[in-house]
Amino acid sequence: MRIALDIRPALREGTGVGTVVEELVRALDAAEGDHELRLFTSSFKDRWDAKRLAQLNRSTIIDAKWPVKLLNPLWHWIGMPKIESFVGPVDVAHSPTPLILPAKAKKIITLHDLYFFTHPEHTHDEIRRDYHRLVRRHTERADLISTVSHATKDAAVKHLGIEASRLRVCRPDASSFFDEDPCDTELDRVTSLTTRPFFLFVGTNEPRKNAEALINAFAQISSRNSDVALVFFGARGWKTRPFDLALESIPDKKRVIITGYRDRYLLRALYHRAIALVMPSHCEGFGLPLVEAMACGCPLIVRETSAMPEVAGDAAKYWSSGRIDELASIMESLFFDNEERSDLIQRGRLRRRNFSWKMTAKKTLLMYDELGSRS
């Protein structure tokens, strides 16, 4: 079976969907079966680094060199040119986004979350302008739809009216990289950022992530405790004015460290040294940092909403009310209670075993086979 898979979300190394796509490719390539992967990428200026997927055995990278600003409108609105004109004949065309790959073959899309659909005012550019109409149209035309969690599946039924029979849950996993311990040099990089105990935030600073709530909670904690810091790891994102205003309330701004997006070696070391990962998001379709943190022995403090309880299970302290004083109280309690932290670390190590790229690849291949049998 020949599968076209769009790997453009992973063209630039980063987090989120791109990380999931790259790990999925590795898992599919290593899985048993008679499948062949045609990995499609295209950009006017960015080229795929072949070293990143150098160990693949059943995959071929096809670089079309079309500008994204030209190809995406043609694909999203007109449905041309077909993916086969780039990669050759295929049985299944898989887009790891909510928008299909135009194809003669059977089509699969992946829904990561639907926050862009329910809160378009918190998004930007093409997503804010067009996705509300495009996603409805493209989900209707897809033959099967993969979701990264049961929470996203339920949201698809509720908000898009998709029949549950067309939805399949294929949960991602953290990279095995996070199951390995950092070396001393990597840990020294954390010390160079701060010598204080710190809470950690991981993700792009955008409205969905609710990072300003964490700043406001930290302001309460830091006023009572001088030996605590807060580290933000991730890109600046968009619509950050509420975050910037909240940051002004911190008297000692040196205790808030904003690293920007850096390499995964620093991220792994941060997980190992953090008091806890705090995820105050309004919505997470899955929440990959949760699994990464559990793999690294980092306790979790998460918002009790969307897919986060589904992923974290009993390995987290939950912020349920949405009140800033409650979040501050949970963080402060964990700061002083080493026994509770140890318990959460142990629970996280056990919970992490529930996630497997091997199983995700198996479920994904079952979808491909299901569609192939319909041809």
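Taken over the C-alpha atoms, the stretch 139-250 has Rg and Dmax values of 19.7, 56 angstrom. Electrostatic tally near F286: other residues with Cβ closer than 9 Å to its Cβ, Lys and Arg +1, Asp and Glu -1, net -2. Relative to its Kirkwood radius, the Cα radius of gyration of the chain gives an Rg/Rh of 0.97.
A simple spin-label model places pseudo-atoms 7 Å from Cα toward Cβ; at M359 and S192 they are separated by 3.9 nm. Between K239 and L366, the simple label model (points 7 Å from Cα in the Cβ direction) yields a spacing of 3.7 nm. For the stretch 232-273, pairs of C-alpha atoms spaced more than 12 angstrom apart make up 68 percent of the total.
Extension gain for I127-H159 works out to 9.9 nm (0.36 nm per residue, less the C-alpha to C-alpha distance).
Among M80, M331, the order by Cβ neighbours within 10 angstrom, fewest to most, reads M80, M331.
Around A315, with a cut-off of 9 angstrom between Cβ atoms, what is the net charge of the other residues, counting Lys and Arg +1 and Asp and Glu -1? Net charge in that neighbourhood comes out at +3. Pairs of Cα atoms in the stretch 257-375 fall into 10 Å distance bins, from 0 up to the last occupied one, in shares of 13, 38, 31, 11, 6, 1, 0 percent.
In the stretch 310-375, Rg over Rh equals 1.27, where Rg is the alpha-carbon radius of gyration and Rh the Kirkwood radius from pairwise Cα distances. The ranking of M294, M308, M367 by Cβ neighbour count inside 10 Å, starting from the fewest, reads M367, M308, M294. Given the options P67, P280, P197, state which has the largest fluctuation in a GNM of the chain using a 10 Å cut-off (strictly under) for Cα springs. Taking springs between Cα atoms under 10 Å, the residue moving most is P67.
Between D227 and F336, what is the label-to-label distance in nm when each label sits 7 Å out along the Cα-to-Cβ direction? Once both label points are built, they end up 1.4 nm from each other.
Between H119 and F44, the contour length at 0.36 nm per residue exceeds the Cα-Cα span by 23.9 nm.
When the alpha-carbon atoms of the stretch 137-182 are used, the pair Rg, Dmax equals 14.6, 45 angstrom. With the convex hull of the Cα atoms taken as the outline of the stretch 27-137, the averaged projected area works out to 8.0 nm². Listed from fewest to most Cβ neighbours within 10 Å, the set C296, C283, C170, C183 follows the order C183, C170, C283, C296. Remark on the stretch 191-288: hydrodynamic radius 13.6 angstrom, per the Kirkwood mean of 1/r across alpha carbon pairs. A helix-only calculation puts the chain at -12000 deg cm²/dmol for mean residue ellipticity at 222 nm, using -39500 (n - 2.57) for each DSSP H run of at least four residues, averaged over all residues. The translational diffusion coefficient of the stretch 177-352, from Stokes-Einstein at 20 °C and 1.002 mPa s with a Kirkwood hydrodynamic radius over alpha carbon pairs, comes to 135 µm²/s. Altogether, the Stokes-Einstein calculation at 25 °C and 0.890 mPa s, with the Kirkwood radius of the stretch 71-112 over Cα pairs as Rh, returns a diffusion coefficient of 238 µm²/s.
All of the numbers you see were taken from the coordinates with simple rules; none came from a lab. On a predicted model such as this, the values are computed, not experimentally measured, just so you know. Don't worry about glycine lacking a Cβ; one is built from the backbone with ideal geometry, like all the others, and counts go over all protein chains shown.
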